[in-house]
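S.K.: To start, I am sharing the structure in question, which I have written as C-alpha coordinates.
The values are calculated or read from the model by the stated rules, or taken from the named source; none is laboratory data. As the structure is a computational prediction, the values presented were derived from the model and not from experiment. Glycine also receives a Cβ, built like all others from the backbone with ideal geometry; neighbour counts cover every protein chain displayed. Only protein heavy atoms, including side chains, enter the accessible area calculation; ligands, DNA and RNA are left aside. Shrake-Rupley method; radii C 1.70, N 1.55, O 1.52, S 1.80 Å.
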Amino acid sequence: MNTIAAGSFFDPQVIADPFDYYRAWMAKSPVVQLSEGMFLVLSYDLCAQATGEVETFSNNFQGTLSGAMAEDGDVAAILSGGWPQVDTLLTADPPVHTRFRKLVNLAFSMKRVAAIEEEMRGVVIDLIEKMAAKGEADFVRDFGIPLPVAMIASQIGMENDLDRVKRWSDAFVDRLGRMIPKERELECAREVVEFQHYMKAKIDERRANRTDDLLSDLVHAEVDGERPLEDAEILSIMQQLMVAGNETTTSALAGGLLQLIENPDQMAKAVAAADEGNERAIINLVEEVLRIESPTAGMWRMVLKDAELGGVKIPRGAMVQLRYAAANRDPTKYPDPDRFDIERANARSHLAFGKGIHMCVGNMLSRKEMAVAYTELLKRLTDFRVAEGHVPSWPPNMLLRGLTTLPISFGRRA
(Lines give C-alpha, C1' and ligand atoms only; values in the text may rest on other atoms or scores of the structure.)
Protein backbone atom coordinates (compact mmCIF):
# COMPACT_ATOMS: atom_id res chain seq x y z
CA MET A 1 0.00 0.00 0.00
CA ASN A 2 1.30 3.44 -0.93
CA THR A 3 1.81 5.50 2.22
CA ILE A 4 3.44 8.58 0.64
CA ALA A 5 0.86 11.37 0.44
CA ALA A 6 0.71 13.41 -2.76
CA GLY A 7 1.07 16.67 -0.88
CA SER A 8 4.25 15.50 0.80
CA PHE A 9 6.03 16.44 -2.42
CA PHE A 10 6.39 19.91 -0.90
CA ASP A 11 8.23 18.52 2.13
CA PRO A 12 11.81 19.88 1.91
CA GLN A 13 13.19 16.42 2.68
CA VAL A 14 11.24 14.93 -0.25
CA ILE A 15 12.40 17.71 -2.58
CA ALA A 16 16.01 17.08 -1.52
CA ASP A 17 15.75 13.31 -2.01
CA PRO A 18 12.65 12.64 -4.14
CA PHE A 19 13.35 9.23 -5.63
CA ASP A 20 11.30 7.12 -3.19
CA TYR A 21 8.42 9.51 -3.87
CA TYR A 22 8.83 9.12 -7.64
CA ARG A 23 8.95 5.32 -7.44
CA ALA A 24 5.91 5.10 -5.19
CA TRP A 25 3.73 7.35 -7.33
CA MET A 26 5.02 6.16 -10.71
CA ALA A 27 3.69 2.70 -9.89
CA LYS A 28 0.32 4.20 -9.00
CA SER A 29 -0.20 7.00 -11.51
CA PRO A 30 2.00 8.94 -13.96
CA VAL A 31 0.19 12.16 -12.97
CA VAL A 32 -0.23 13.23 -9.34
CA GLN A 33 -2.64 15.90 -8.15
CA LEU A 34 -0.79 17.86 -5.49
CA SER A 35 -3.57 20.29 -4.65
CA GLU A 36 -6.52 21.93 -6.32
CA GLY A 37 -5.19 23.29 -9.60
CA MET A 38 -1.66 21.85 -9.28
CA PHE A 39 -0.39 18.62 -10.82
CA LEU A 40 2.87 16.70 -11.09
CA VAL A 41 3.74 14.77 -14.27
CA LEU A 42 6.17 11.92 -13.66
CA SER A 43 6.32 9.61 -16.68
CA TYR A 44 8.72 10.04 -19.57
CA ASP A 45 6.10 9.78 -22.31
CA LEU A 46 3.74 12.30 -20.72
CA CYS A 47 6.49 14.82 -19.97
CA ALA A 48 7.70 14.53 -23.56
CA GLN A 49 4.12 14.87 -24.83
CA ALA A 50 3.44 18.00 -22.81
CA THR A 51 6.63 19.74 -23.99
CA GLY A 52 5.35 19.41 -27.55
CA GLU A 53 1.86 20.76 -26.89
CA VAL A 54 2.68 24.40 -26.21
CA GLU A 55 -0.80 25.50 -27.23
CA THR A 56 -2.12 23.60 -24.19
CA PHE A 57 0.82 23.50 -21.77
CA SER A 58 2.20 27.02 -21.85
CA ASN A 59 5.60 28.24 -20.69
CA ASN A 60 4.10 31.64 -19.97
CA PHE A 61 3.83 30.82 -16.26
CA GLN A 62 5.66 33.77 -14.72
CA GLY A 63 2.55 35.87 -14.10
CA THR A 64 0.61 32.94 -12.68
CA LEU A 65 3.37 31.99 -10.26
CA SER A 66 3.81 35.61 -9.23
CA GLY A 67 0.12 35.77 -8.44
CA ALA A 68 0.11 32.46 -6.58
CA MET A 69 3.23 33.39 -4.65
CA ALA A 70 2.71 37.13 -4.27
CA GLU A 71 5.84 39.01 -3.38
CA ASP A 72 6.25 40.11 0.20
CA GLY A 73 5.87 43.87 0.44
CA ASP A 74 9.47 44.34 1.56
CA VAL A 75 10.72 42.21 -1.34
CA ALA A 76 8.54 44.04 -3.85
CA ALA A 77 9.86 47.38 -2.57
CA ILE A 78 13.44 46.27 -3.23
CA LEU A 79 12.59 44.93 -6.70
CA SER A 80 10.89 48.20 -7.63
CA GLY A 81 14.36 49.71 -7.74
CA GLY A 82 15.16 47.65 -10.83
CA TRP A 83 13.45 46.63 -14.05
CA PRO A 84 10.33 44.43 -14.35
CA GLN A 85 10.65 40.78 -15.30
CA VAL A 86 9.54 40.26 -18.90
CA ASP A 87 8.84 37.09 -20.84
CA THR A 88 11.53 36.33 -23.41
CA LEU A 89 12.84 32.74 -23.42
CA LEU A 90 11.96 30.45 -20.51
CA THR A 91 8.56 31.98 -19.76
CA ALA A 92 7.41 32.84 -23.30
CA ASP A 93 5.46 31.01 -25.97
CA PRO A 94 5.60 31.46 -29.78
CA PRO A 95 5.72 33.85 -31.51
CA VAL A 96 7.40 35.88 -28.74
CA HIS A 97 9.71 33.01 -27.77
CA THR A 98 10.60 32.31 -31.41
CA ARG A 99 11.92 35.82 -32.02
CA PHE A 100 14.14 35.86 -28.94
CA ARG A 101 15.36 32.31 -29.46
CA LYS A 102 16.71 33.23 -32.91
CA LEU A 103 18.90 35.88 -31.34
CA VAL A 104 20.70 33.51 -28.98
CA ASN A 105 20.86 30.29 -31.02
CA LEU A 106 23.96 31.31 -32.97
CA ALA A 107 25.81 32.22 -29.79
CA PHE A 108 25.50 28.63 -28.58
CA SER A 109 25.82 26.83 -31.90
CA MET A 110 28.05 23.79 -32.29
CA LYS A 111 30.40 25.95 -34.38
CA ARG A 112 30.78 28.51 -31.58
CA VAL A 113 31.23 25.78 -28.94
CA ALA A 114 33.89 24.05 -31.05
CA ALA A 115 35.74 27.35 -31.45
CA ILE A 116 36.16 27.76 -27.70
CA GLU A 117 37.03 24.13 -26.93
CA GLU A 118 40.76 24.76 -26.54
CA GLU A 119 40.12 27.73 -24.27
CA MET A 120 37.80 25.46 -22.30
CA ARG A 121 40.44 22.73 -22.07
CA GLY A 122 42.94 25.27 -20.79
CA VAL A 123 40.57 26.32 -18.01
CA VAL A 124 39.94 22.67 -17.10
CA ILE A 125 43.63 21.78 -16.91
CA ASP A 126 44.41 24.86 -14.85
CA LEU A 127 41.70 23.96 -12.34
CA ILE A 128 42.93 20.36 -12.15
CA GLU A 129 46.50 21.49 -11.52
CA LYS A 130 45.38 23.75 -8.72
CA MET A 131 43.51 20.87 -7.07
CA ALA A 132 46.38 18.45 -7.64
CA ALA A 133 48.80 20.78 -5.89
CA LYS A 134 46.74 20.34 -2.72
CA GLY A 135 45.84 16.65 -3.11
CA GLU A 136 42.32 17.35 -1.91
CA ALA A 137 39.51 19.72 -2.81
CA ASP A 138 35.89 20.62 -2.50
CA PHE A 139 35.04 19.60 -6.04
CA VAL A 140 32.00 21.87 -6.25
CA ARG A 141 33.88 24.96 -5.08
CA ASP A 142 37.22 24.26 -6.77
CA PHE A 143 36.07 22.82 -10.10
CA GLY A 144 32.32 22.45 -10.58
CA ILE A 145 31.61 26.14 -10.11
CA PRO A 146 34.60 27.93 -11.69
CA LEU A 147 34.61 25.99 -14.99
CA PRO A 148 31.09 26.77 -16.27
CA VAL A 149 31.10 30.22 -14.66
CA ALA A 150 34.28 31.12 -16.56
CA MET A 151 32.90 29.81 -19.85
CA ILE A 152 29.50 31.50 -19.72
CA ALA A 153 31.01 34.74 -18.39
CA SER A 154 33.32 34.92 -21.40
CA GLN A 155 30.30 34.64 -23.69
CA ILE A 156 28.21 37.36 -22.05
CA GLY A 157 30.85 40.02 -21.49
CA MET A 158 31.43 39.33 -17.78
CA GLU A 159 34.79 37.56 -17.91
CA ASN A 160 36.22 39.90 -15.27
CA ASP A 161 33.35 39.38 -12.83
CA LEU A 162 33.27 35.63 -12.12
CA ASP A 163 32.41 35.96 -8.43
CA ARG A 164 29.50 38.21 -9.26
CA VAL A 165 28.22 35.83 -11.94
CA LYS A 166 28.01 33.04 -9.38
CA ARG A 167 26.53 35.20 -6.65
CA TRP A 168 23.85 36.63 -8.91
CA SER A 169 23.08 33.22 -10.42
CA ASP A 170 22.54 31.79 -6.96
CA ALA A 171 20.12 34.59 -6.16
CA PHE A 172 18.02 33.98 -9.26
CA VAL A 173 18.03 30.23 -8.63
CA ASP A 174 16.96 30.61 -5.00
CA ARG A 175 14.11 32.91 -6.02
CA LEU A 176 13.00 30.44 -8.69
CA GLY A 177 12.99 27.52 -6.25
CA ARG A 178 10.92 29.45 -3.67
CA MET A 179 12.00 27.41 -0.64
CA ILE A 180 14.02 30.06 1.19
CA PRO A 181 13.58 32.02 4.44
CA LYS A 182 12.52 35.66 4.46
CA GLU A 183 16.01 37.05 4.99
CA ARG A 184 17.29 35.17 1.95
CA GLU A 185 14.33 36.47 -0.08
CA LEU A 186 15.35 40.01 0.77
CA GLU A 187 18.99 39.30 0.01
CA CYS A 188 18.09 37.73 -3.34
CA ALA A 189 15.94 40.71 -4.28
CA ARG A 190 18.86 43.03 -3.62
CA GLU A 191 21.12 40.81 -5.73
CA VAL A 192 18.63 40.92 -8.61
CA VAL A 193 18.52 44.70 -8.60
CA GLU A 194 22.31 44.91 -8.29
CA PHE A 195 22.68 42.64 -11.34
CA GLN A 196 20.20 44.71 -13.34
CA HIS A 197 21.97 47.99 -12.68
CA TYR A 198 25.37 46.46 -13.39
CA MET A 199 24.15 44.97 -16.66
CA LYS A 200 22.32 48.18 -17.64
CA ALA A 201 25.65 49.99 -17.48
CA LYS A 202 27.15 47.31 -19.74
CA ILE A 203 24.24 47.72 -22.15
CA ASP A 204 24.84 51.47 -22.33
CA GLU A 205 28.54 50.84 -23.00
CA ARG A 206 27.71 48.49 -25.88
CA ARG A 207 25.29 51.00 -27.39
CA ALA A 208 28.05 53.59 -27.44
CA ASN A 209 30.81 51.24 -28.61
CA ARG A 210 30.01 47.91 -30.25
CA THR A 211 32.21 44.96 -29.22
CA ASP A 212 32.55 41.33 -30.27
CA ASP A 213 30.42 39.54 -27.68
CA LEU A 214 26.88 38.25 -27.26
CA LEU A 215 25.76 41.23 -25.19
CA SER A 216 26.75 43.62 -27.95
CA ASP A 217 24.97 41.45 -30.50
CA LEU A 218 21.78 41.63 -28.45
CA VAL A 219 22.03 45.38 -27.90
CA HIS A 220 22.34 46.04 -31.62
CA ALA A 221 20.00 43.28 -32.83
CA GLU A 222 16.56 43.88 -34.24
CA VAL A 223 13.76 41.42 -33.62
CA ASP A 224 12.71 40.22 -37.09
CA GLY A 225 13.59 43.66 -38.40
CA GLU A 226 10.99 45.30 -36.18
CA ARG A 227 12.79 47.18 -33.41
CA PRO A 228 15.82 47.02 -31.14
CA LEU A 229 15.43 45.10 -27.91
CA GLU A 230 14.36 47.09 -24.88
CA ASP A 231 16.53 47.21 -21.77
CA ALA A 232 14.18 44.94 -19.79
CA GLU A 233 14.22 42.37 -22.59
CA ILE A 234 18.02 42.32 -22.78
CA LEU A 235 18.22 42.06 -18.98
CA SER A 236 15.84 39.11 -19.04
CA ILE A 237 17.83 37.27 -21.71
CA MET A 238 21.17 37.91 -20.03
CA GLN A 239 19.81 36.79 -16.66
CA GLN A 240 18.59 33.51 -18.13
CA LEU A 241 21.79 32.84 -20.06
CA MET A 242 23.89 33.60 -17.00
CA VAL A 243 21.95 31.14 -14.82
CA ALA A 244 21.44 28.42 -17.44
CA GLY A 245 25.08 28.63 -18.45
CA ASN A 246 26.51 27.55 -15.11
CA GLU A 247 24.14 26.27 -12.43
CA THR A 248 23.03 23.04 -14.07
CA THR A 249 26.51 22.21 -15.42
CA THR A 250 28.00 22.62 -11.95
CA SER A 251 25.42 20.22 -10.54
CA ALA A 252 25.91 17.67 -13.31
CA LEU A 253 29.70 17.73 -13.02
CA ALA A 254 29.66 17.15 -9.26
CA GLY A 255 26.84 14.63 -9.32
CA GLY A 256 28.55 12.71 -12.11
CA LEU A 257 31.84 12.48 -10.24
CA LEU A 258 29.99 11.21 -7.17
CA GLN A 259 28.29 8.57 -9.33
CA LEU A 260 31.67 7.43 -10.64
CA ILE A 261 33.13 7.27 -7.13
CA GLU A 262 30.17 5.25 -5.87
CA ASN A 263 30.29 2.88 -8.87
CA PRO A 264 33.90 1.66 -9.24
CA ASP A 265 33.06 -0.58 -12.19
CA GLN A 266 31.78 2.43 -14.12
CA MET A 267 34.77 4.50 -13.01
CA ALA A 268 37.10 1.85 -14.48
CA LYS A 269 35.26 1.96 -17.81
CA ALA A 270 35.36 5.77 -17.85
CA VAL A 271 39.11 5.85 -17.11
CA ALA A 272 39.74 3.38 -19.92
CA ALA A 273 37.69 5.53 -22.31
CA ALA A 274 39.64 8.66 -21.36
CA ASP A 275 42.98 6.88 -21.76
CA GLU A 276 42.01 5.47 -25.16
CA GLY A 277 40.66 8.78 -26.41
CA ASN A 278 37.29 7.08 -26.90
CA GLU A 279 35.24 10.21 -27.48
CA ARG A 280 32.03 8.28 -28.13
CA ALA A 281 32.25 6.54 -24.75
CA ILE A 282 32.92 9.84 -22.94
CA ILE A 283 29.96 11.42 -24.69
CA ASN A 284 27.74 8.56 -23.52
CA LEU A 285 29.11 8.96 -20.00
CA VAL A 286 28.01 12.61 -20.11
CA GLU A 287 24.53 11.65 -21.29
CA GLU A 288 24.12 9.04 -18.54
CA VAL A 289 25.24 11.57 -15.93
CA LEU A 290 22.66 14.04 -17.23
CA ARG A 291 19.96 11.36 -17.19
CA ILE A 292 20.53 10.09 -13.68
CA GLU A 293 21.39 13.45 -12.09
CA SER A 294 18.83 15.65 -13.93
CA PRO A 295 20.02 18.96 -12.46
CA THR A 296 16.89 20.68 -13.80
CA ALA A 297 14.57 18.43 -11.84
CA GLY A 298 11.38 19.94 -13.17
CA MET A 299 9.74 22.88 -14.89
CA TRP A 300 6.34 24.53 -14.69
CA ARG A 301 3.67 24.71 -17.37
CA MET A 302 0.39 26.64 -17.29
CA VAL A 303 -2.65 24.82 -18.70
CA LEU A 304 -4.41 27.00 -21.27
CA LYS A 305 -7.35 24.69 -21.97
CA ASP A 306 -8.93 21.61 -20.45
CA ALA A 307 -6.60 18.68 -21.02
CA GLU A 308 -5.96 15.08 -20.12
CA LEU A 309 -2.66 13.34 -19.41
CA GLY A 310 -2.43 9.67 -18.53
CA GLY A 311 -6.17 9.47 -17.98
CA VAL A 312 -6.09 12.35 -15.49
CA LYS A 313 -8.23 15.37 -16.36
CA ILE A 314 -6.41 18.67 -15.90
CA PRO A 315 -8.56 21.81 -15.99
CA ARG A 316 -7.81 25.04 -17.75
CA GLY A 317 -5.91 27.40 -15.45
CA ALA A 318 -4.12 24.63 -13.56
CA MET A 319 -0.37 24.58 -13.03
CA VAL A 320 1.56 21.48 -14.06
CA GLN A 321 5.12 20.63 -13.16
CA LEU A 322 6.88 18.37 -15.63
CA ARG A 323 9.20 16.40 -13.39
CA TYR A 324 12.16 15.62 -15.67
CA ALA A 325 14.10 13.90 -12.87
CA ALA A 326 11.29 11.36 -12.51
CA ALA A 327 10.87 10.93 -16.26
CA ASN A 328 14.58 10.22 -16.61
CA ARG A 329 14.17 7.27 -14.22
CA ASP A 330 10.95 5.95 -15.72
CA PRO A 331 11.37 2.15 -15.81
CA THR A 332 9.26 1.88 -18.98
CA LYS A 333 11.89 3.96 -20.77
CA TYR A 334 15.07 2.98 -18.92
CA PRO A 335 15.48 -0.60 -17.66
CA ASP A 336 16.88 -0.69 -14.12
CA PRO A 337 16.60 3.13 -14.12
CA ASP A 338 18.38 3.80 -10.82
CA ARG A 339 21.52 2.02 -12.01
CA PHE A 340 24.33 4.27 -13.27
CA ASP A 341 25.45 2.69 -16.56
CA ILE A 342 27.78 4.72 -18.79
CA GLU A 343 27.16 2.26 -21.64
CA ARG A 344 23.37 2.66 -21.52
CA ALA A 345 22.19 2.53 -25.13
CA ASN A 346 19.45 5.17 -24.90
CA ALA A 347 21.05 7.53 -22.39
CA ARG A 348 20.88 10.50 -24.77
CA SER A 349 17.09 10.34 -24.95
CA HIS A 350 16.89 11.94 -21.48
CA LEU A 351 14.94 15.12 -20.75
CA ALA A 352 17.63 16.79 -18.63
CA PHE A 353 17.65 19.81 -20.97
CA GLY A 354 13.92 19.66 -21.63
CA LYS A 355 12.57 18.94 -25.09
CA GLY A 356 11.08 20.79 -28.04
CA ILE A 357 11.21 24.52 -28.60
CA HIS A 358 12.23 25.21 -24.98
CA MET A 359 15.14 22.78 -24.92
CA CYS A 360 17.99 24.51 -23.08
CA VAL A 361 19.79 26.79 -25.52
CA GLY A 362 23.13 26.10 -23.83
CA ASN A 363 22.91 22.32 -23.96
CA MET A 364 25.80 21.94 -26.44
CA LEU A 365 28.07 24.16 -24.36
CA SER A 366 27.23 22.20 -21.21
CA ARG A 367 27.80 18.84 -22.90
CA LYS A 368 31.17 19.94 -24.24
CA GLU A 369 32.29 21.28 -20.86
CA MET A 370 31.39 17.99 -19.20
CA ALA A 371 33.12 15.87 -21.84
CA VAL A 372 36.33 17.89 -21.67
CA ALA A 373 36.22 17.98 -17.87
CA TYR A 374 35.77 14.24 -17.35
CA THR A 375 38.38 13.39 -19.99
CA GLU A 376 41.06 15.55 -18.40
CA LEU A 377 40.14 14.68 -14.80
CA LEU A 378 40.34 10.94 -15.45
CA LYS A 379 43.58 11.21 -17.45
CA ARG A 380 45.35 13.31 -14.82
CA LEU A 381 43.97 12.23 -11.41
CA THR A 382 43.13 8.89 -9.80
CA ASP A 383 41.80 7.22 -6.66
CA PHE A 384 38.96 9.69 -6.15
CA ARG A 385 37.33 9.38 -2.74
CA VAL A 386 34.70 11.33 -0.85
CA ALA A 387 36.23 12.84 2.29
CA GLU A 388 35.83 10.57 5.32
CA GLY A 389 32.73 11.36 7.31
CA HIS A 390 31.12 13.49 4.63
CA VAL A 391 27.54 12.60 3.73
CA PRO A 392 26.49 14.18 0.40
CA SER A 393 23.29 16.21 0.64
CA TRP A 394 21.14 18.28 -1.68
CA PRO A 395 19.43 21.50 -0.57
CA PRO A 396 15.69 21.61 -1.32
CA ASN A 397 14.79 23.49 -4.48
CA MET A 398 11.56 22.99 -6.40
CA LEU A 399 13.15 23.16 -9.84
CA LEU A 400 16.89 22.55 -9.60
CA ARG A 401 18.89 19.87 -7.81
CA GLY A 402 22.61 19.84 -7.10
CA LEU A 403 25.25 19.22 -4.46
CA THR A 404 26.45 22.31 -2.65
CA THR A 405 29.70 20.67 -1.56
CA LEU A 406 31.70 17.55 -2.43
CA PRO A 407 34.97 17.28 -0.47
CA ILE A 408 37.25 14.72 -2.13
CA SER A 409 40.75 13.33 -2.02
CA PHE A 410 42.65 11.87 -4.97
CA GLY A 411 46.08 11.08 -6.31
CA ARG A 412 47.98 12.29 -9.35
CA ARG A 413 48.38 9.74 -12.13
CA ALA A 414 51.89 8.79 -13.17
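S.K.: Treat each spin label as a single point 7 Å out from the Cα along the C-beta direction, and report the I357 to R316 distance in nm.
M.R.: Calculated label separation equals 2.0 nm.
S.K.: Choose one answer from E308, E369, E194: the residue with the largest mean-square fluctuation in a GNM of the chain with alpha-carbon springs under 10 Å.
M.R.: Judging by the Gaussian network model, the answer is E308.
S.K.: Then there's this: Given the pairs K333/K355; K111/K200; K102/K355, which span a C-alpha to C-alpha distance of over 21 angstrom in this model? Let's see the in-between values first.
M.R.: Details: K333/K355 16 Å; K111/K200 29 Å; K102/K355 17 Å.
Listed pairs above 21 Å: K111/K200.
S.K.: Let me ask something else. What residues have an amide H closer than 5 Å to that of F39, excluding those fewer than 5 places away on the same chain, when H is modeled at 1.01 Å from N in the peptide plane?
M.R.: Result for F39 returns L34, M319, V320, Q321.
S.K.: Still on this structure, I have one more. On the Cα set of region 272-395, report Rg and Dmax in Å, please.
M.R.: Using the Cα atoms of region 272-395, the pair Rg, Dmax is 17.8, 55 Å.
S.K.: FRET efficiency for D204 and E183, Cβ-Cβ distance as r, R0 = 30 Å, nearest 0.05?
M.R.: Values: r = 32 Å, r/R0 = 1.08.
For R0 = 30 Å, the calculated efficiency reads 0.40.
S.K.: Under the Kirkwood approximation for Rh and a Cα-based Rg, what ratio Rg/Rh is obtained for region 160-217? Mind dumping the intermediate values first?
M.R.: Values: Rg = 13.8 Å, Rh = 12.7 Å.
Answer for region 160-217: 1.09.
S.K.: So what is the relative contact order for the chain, in percent, with contacts set as C-alpha pairs under 8 Å and at least six apart?
M.R.: Details: 625 pairs, mean separation 110.7, N = 414.
In percent, rounded to a whole number, it is 27.
S.K.: Related question: Per-residue ellipticity at 222 nm for the chain, helices alone: DSSP H runs ≥ 4 residues times -39500 (n - 2.57), over residue total, nearest 500 deg cm²/dmol?
M.R.: Here the helix-only value at 222 nm equals -15500 deg cm²/dmol.
S.K.: Then there's this: Hey, got the dipole for region 156-289? About the Cα centre, +1 on K and R Cβ, -1 on D and E Cβ, debye to the nearest 20?
M.R.: Numbers: 16 positive and 29 negative charges, 80 e Å.
Once rounded to the nearest 20, the dipole reads 380 debye.
S.K.: In addition: Using mean Cβ contacts within 10 Å as the protection proxy, how do 128-134, 166-172, 267-273, 251-257 order, highest first? Before the final figure, lay out each step's value.
M.R.: Values: 128-134: 14.6, 166-172: 19.9, 267-273: 17.9, 251-257: 25.9.
Top of the packing list down: 251-257, 166-172, 267-273, 128-134.
S.K.: Let me ask something else about it. Per the 1.4 Å probe, what fraction of the accessible area of the chain, in percent, lies on carbon and sulfur atoms? Write down the numbers at each step before the final one.
M.R.: Details: 9120 of 17600 Å².
Carbon-and-sulfur percentage of accessible area, whole number: 52.
S.K.: What whole-number value in Å² describes the accessible area per residue of the chain for a 1.4 Å probe?
M.R.: On the way: 17600 Å² over 414 residues.
On a per-residue basis, 43 Å².
S.K.: Rounded if a/c is under 1.5, else prolate if a/b beats b/c, else oblate: with a ≥ b ≥ c from the C-alpha gyration tensor eigenvalues square-rooted, which is region 10-52?
M.R.: Numbers: a/c = 1.78, a/b = 1.40, b/c = 1.27.
Verdict is prolate for region 10-52.
S.K.: For region 116-187, what's the relative contact order in percent, using C-alpha pairs closer than 8 Å and at least 6 residues apart?
M.R.: Working: 27 pairs, mean separation 14.5, N = 72.
Relative contact order of region 116-187: 20 percent.
S.K.: Rounded to whole Å and sorted largest first, list the principal axis extents of the Cα atoms in the chain.
M.R.: 65, 57, 40
S.K.: If you don't mind, there's one more thing I want to ask. Want the number for D212 to T405: 0.36 nm per residue separation, take away the alpha-carbon distance, what's left?
M.R.: Details: separation 193, 0.36 × 193 = 69.48 nm, distance 3.55 nm.
My answer for the length gained is 65.9 nm.
S.K.: Same structure again: A345 to D383: extension gain in nm, 0.36 nm per residue of separation minus the Cα-Cα distance?
M.R.: Result for the pair: 10.9 nm of gain on full extension.
S.K.: Along the Cα→Cβ direction, 7 angstrom out, place labels at A114 and R190. What is the inter-label distance in nm?
M.R.: So the two model labels end up 4.7 nm from each other.
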